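Down below is the structure, laid out as structure tokens.
The values are calculated or read from the model by the stated rules, or taken from the named source; none is laboratory data. These numbers come from a predicted model, not from an experiment. We place every Cβ from the backbone using ideal geometry, glycine too, and count neighbours over all the protein chains shown. To get the accessible areas, we keep the full protein, side chains included, count just its heavy atoms, and leave off ligands, DNA and RNA. Shrake-Rupley method; radii C 1.70, N 1.55, O 1.52, S 1.80 Å.
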Amino acid sequence: MSSIADPIAGAPAAEAKVAKAEVSKAAAAAPAITLPAAGERELRLDLFRGLALWLIFIDHLPTNLLTWLTIRNYGFSDATEIFIFISGYTAAFVYGRAMLEAGFVVASARVLRRVWQIYVAHVFLFTIFLAEISYVATSFENPLYSEEMGIMDFLKQPDVTIVQALLLRFRPVNMDVLPLYIVLMLFLPLILWLMKWKPDVALGLSVLLYAVTWQFDLYLSAYPNGVWAFNPFAWQLLFVFGAWCALGGARRMSRILSSNVTMWLCIAYLVASFFVTLTWHVPQLGHIMPKVIEQWMYPINKTDLDVLRFAHFLALAALTVRFLPKDWPGLKSCWLRPLILCGQHSLEIFCLGVFLAFAGHFVLAEVAGGAALHALISVSGILIMSGMAWIISWYKHSADKGAARKGAGGNADLAGGGA
């Protein structure tokens, strides 16, 4: 039996259903990514990118006492993984906000402007680096410097080599990171557009490309022969993973990262990788490794970002996030300030580090100073890099009054530096 009240009571219910449907449509149309509050700076990223720059500089020097303090001697990954991951994270942090607020075209324009800045820096570094090597090789009548630094082809055919260098196909020794970053940044607008709606699908496509690269041996050729030292088809996985973490992936993984099971798995893997790398430096321990594991494991390919290297980095990152919170008071310490400043101005400091590494290499090759000179060169290089980072920071915050007014618009320094 029905009453007069039934149709009246049914109206609000119908309206509620319509409202619920509209909310569902709005939720479906909303972007799937999340970003930290505007202006919120992640000092841990600055810290570890600065550390990566220091480690890259030390690793580019001849083997010395400080070389044994870098992470490549205690596991499968090294500072390059740290640098590329953080670069992907910070780039997504800055330009992901532009993608959400201004759209694909404006965000792409800002990314391409940054790519151009990095490209110009690479060409400038290439020119200065060539001049440095050529001057030393000529002044000291030692052509081995030209051969060791990989510029013999330039001296033989400068016209052809210059063109190849501008196409990023010719690079002297120690100049492989920026070309990789340039290529990865070129595809950042597409990555962000995919992540805006389906971040997990974007990460899945990155994993698929990584697998296809290994299966079908995809690569970019270098001039005059060989391939890129860092294959962009493989290293994009680390860059995209960093972007995915910045756009909400890290927050969604928080429960996994805080799990004790994850912690002990990471510790076990890091310990195992340490003992494997120990056999590289102490050949007498080689018999400890079962032949089956050796055949499966080797070679651990850096060019194509071997999965063991990727897993090693993930283990380090998971433990770092667990034991080093973003509000750790030590991040404001004056002792860590040099590292953080270097991380905040990474493009300039990276270029300076490449220049200083060859200068240190030259001094160590010409002067037999032993371990003391090695340590002095390494520490001096780090002090110069830190001093330059301080000068750049002072200039941007004090001398350049317009920097503050332009800051929030899409400057990559806001998220931890440029490169």
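From most to least packed by mean Cβ count within 10 Å, the peptides 132-143, 335-346 give 335-346, 132-143.
Non-local lysine pairs in the chain, meaning eight or more places apart or on different chains, with alpha-carbon distances under 18 Å, amount to 4. Counting only heavy atoms of the protein chains and using a 1.4 Å probe, Val173 has close to 60 Å² of accessible surface. Estimated translational diffusion coefficient (Stokes-Einstein, Kirkwood radius over Cα pairs, 37 °C, 0.692 mPa s) of region 131-174: 309 µm² per second.
Mean sequence separation of contacting Cα pairs (under 8 Å, at least six apart), scaled by the length of the chain, corresponds to a relative contact order of 30 percent. Averaging the Cα positions of each part gives two centres, and for region 171-244 and region 266-323 these lie 23 Å apart. Magnitude of the charge dipole for the chain, about its Cα centre and with charges confined to Cβ atoms of Lys, Arg (+1) and Asp, Glu (-1), is about 1320 debye.
Farthest toward the positive end of the dipole of the chain, out of Val367, Ser380, Tyr89, is the Cα of Tyr89, where the dipole comes from beta carbon charges about the Cα centre. Shown for region 204-333 is the translational diffusion coefficient from the Stokes-Einstein equation, using the Kirkwood radius over Cα pairs, a temperature of 4 °C and a viscosity of 1.567 mPa s: 75 µm²/s.
Averaged over residues, the count of other Cβ atoms within 10 Å places the peptides 177-184, 119-126 in the sequence 177-184, 119-126, highest first.
Rounded to the nearest 500, what is the chain's calculated 222 nm mean residue ellipticity when only DSSP H runs of at least 4 contribute -39500 (n - 2.57) each, over all residues?
-22000 deg cm²/dmol
Taking Cα atoms, how many degrees apart are the long axis of helix 43-60 and the longest axis of the chain, rounded to 10 and kept between 0 and 90? Helix 43-60 sits roughly 20 degrees off the main axis of the chain. Placing a label point 7 Å from the Cα of Val307 along the Cα-to-Cβ line, the residues of region 205-223 whose backbone N sits under 15 Å from it are 207-217. If a spin label sat at a point 7 angstrom from the Cα of Asn225 along the line to its beta carbon, the backbone N atoms of region 152-191 nearer than 20 Å would be those of 152-158, 160-162, 164-165, 169-174.
In the chain the Cα-Cα distances spread across 20 Å bins starting at 0 as 22, 54, 18, 4, 1, 0 percent of all pairs. Identify the residues of region 377-399 with backbone N under 19 Å of a label point that sits 7 angstrom from the Cα of Val367 along the Cα-to-Cβ direction, or state none. Hits in region 377-399 for Val367 at 19 Å: 377-385.
Between the Cα long axis of helix 260-281 and the first principal axis of the chain there is an angle of about 20°, rounded to the nearest 10.
Projected over all directions and averaged, the alpha-carbon convex hull of region 306-406 occupies 10.1 nm².
For the chain, the residue among Ser333, Trp197, Gly75 whose Cα projects farthest onto the positive side of the dipole built from Cβ charges is Trp197. Add +1 for every Lys or Arg and -1 for every Asp or Glu among the other residues with Cβ under 14 Å from the Cβ of Phe129, and state the total. Its environment carries a net charge of -2.
Using the Cβ of Ala222 as centre and a radius below 12 Å, the other residues enclosed give a net charge of 0, where K and R count +1 and D and E count -1. Along the axis of the charge dipole computed for region 106-184 (Cβ charges of +1 for Lys and Arg, -1 for Asp and Glu, origin at the Cα centre), the listed residues Thr138, Thr161, Leu180 are led at the positive end by Leu180. Normalised size of region 192-240, defined as Cα radius of gyration per 2.2 N^0.38 Å with N residues, equals 1.32.
Spin-label model, Asp159 to Phe274: label points 7 Å out along the Cα-to-beta-carbon direction sit 5.8 nm apart. With the convex hull drawn over the C-alpha atoms of region 68-178, the volume per residue is 138 Å³.
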